[in-house]
Each structure stands twice: as structure tokens, then as C-alpha cells.
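Written below as C-alpha cells is the structure these notes are about.
The values are calculated or read from the model by the stated rules, or taken from the named source; none is laboratory data. For clarity, every value in this text was computed on a predicted model and none was experimentally measured. Ideal geometry is used to build each Cβ from the backbone, glycine not excepted, and the neighbour counts take in all protein chains shown. Keep in mind that these areas ignore ligands, DNA and RNA; they rest on the heavy atoms of the full protein, side chains included. Shrake-Rupley method; radii C 1.70, N 1.55, O 1.52, S 1.80 Å.
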Amino acid sequence: PPPPPPPFFFYHPATTSIYTLSHPAALPFSTGHCASALATGVAAEAAVARDREPELEARLAEQLGAAHNAAGNAAARGYLERALALRRAADPASVEVADVLNKLGSLELRRGDPAKARARYEEALKLVIAQLGPDHPATAITRANLCYLDAEAGKLAEACAKFARAAEIDPRDAS
């Protein structure tokens, strides 16, 4: 089996606590590392809750939500909704809110609700464009997600236009 992925470290300066959680996107979920990431996340979650640090709590909830989503666990929604609430409370128009919205869009798509996925992706795209501009590479992945939804809905002209725009901005995210 491949070696475990590198961990993310969260440092809380006031308490000098260090939290660790494997990055879900780096995990080869098909080889079983998802369970260890979730177990590590549960331990980190308890420590973060004890210190009541909103930024760490939001980051951890987002990471656990992504890991649960990749594992197909129903717990993903609760973690991602918590992360979204914390991110919105800190700055409702932030790119971090858009990141969580993209993860929620992915969750909605996985759960078979393309209309909710589209709403999440469209809100994320508006936030990223407002913060970073329409040509920023961070818009490409959301544009590609919307392209996929259009193609699945049979809107091929719209899908092709969105794909071309995503590929123009960042060819790596439009594949």
C-alpha cells in the first residue's frame, strides 16, 4: 500500500496546542486511508472544540465534511453545513465560504440533487468572482463543475461554453 499522506497541522497559539488531520484530498480513499483520516479528525475535533477557536473549528469541519463525503458517509452534510455557518459568520463574502459551497455542491451531486448542486456552485462562483475577479484560476474548478451539470442536463452548448472558459482560465481544472 502507498504511504500515508502528509498531515495538516493546526496550531493554536494561545494554548500552544497542535492538531493534526490528514488532508482528505491527498488520501487514496480507495485504499482505506479514509478511515484513519476520520479517526484522526475525531480526536482533533475534540481538541478544537475544547479551545473554541472558530477558524480551526471551521477548517476542521470542512476537512471532516470532505472526508465523510468522499467516504460516502451521511455525516458529511452536518460537518459541511457547520463549516459554512462558521465561515459565513467570519466573512460572508470570503473565498473560504466559496470553498465550502463547492464541497456542498459536490455533496448534493453525490446525493443525486443536481438543482441544489447548481445553486451551491453558482453561489460559490459569484463569491470567487467578486473577491478575485472573473479570470482568477480559482474560478475554473467551479466553472468546470457547472459545465458537468449542464452536460448531464443535456445543455451541451452551455456546457461547451463553460468548459472552454474554464480551460482558458486554468487548463488543469477543466479536464
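Please work out if residue 167 is more than 21 Å from residue 86 (Cα to Cα) and either in a helix (DSSP H, G or I) or in contact with a helix residue (DSSP H, G or I) (Cβ under 6 Å, 6 or more places away or on another chain) (or both). Against the criterion (more than 21 Å from residue 86 (Cα to Cα) and either in a helix (DSSP H, G or I) or in contact with a helix residue (DSSP H, G or I) (Cβ under 6 Å, 6 or more places away or on another chain) (or both)), residue 167 qualifies. May I ask you to say which residue of 127, 109 is open to solvent by 20 Å² or more (accessible area, probe 1.4 Å) and either at pLDDT 95 or above or in contact with a strand residue (DSSP E or B) (Cβ under 8 Å, 6 or more places away or on another chain) (or both)? Just one listed residue meets the conditions, 127. Look at segment 79-93: where a residue is assigned to a helix (DSSP H, G or I) and a partner is exposed (fewer than 15 other Cβ atoms within 10 Å of the Cβ), sitting 6+ places away or on another chain with Cβ atoms under 6 Å, you get 86/54. Can residue 62 be described as modelled with pLDDT of 90 or more and acidic (Asp, Glu)? Taking the combined requirement at face value, the residue does not satisfy it.
Residues in segment 55-68 include at least one that is buried (at least 22 other Cβ atoms within 10 Å of the Cβ), touching a Ser or Thr at 6+ places or on another chain (Cβ under 9 Å) and over 28 Å from residue 150 (Cβ atoms). Number of residues in segment 130-160 that are open to solvent by 60 Å² or more (accessible area, probe 1.4 Å), farther than 12 Å from residue 99 by Cα and part of a helix (DSSP H, G or I) equals 9.
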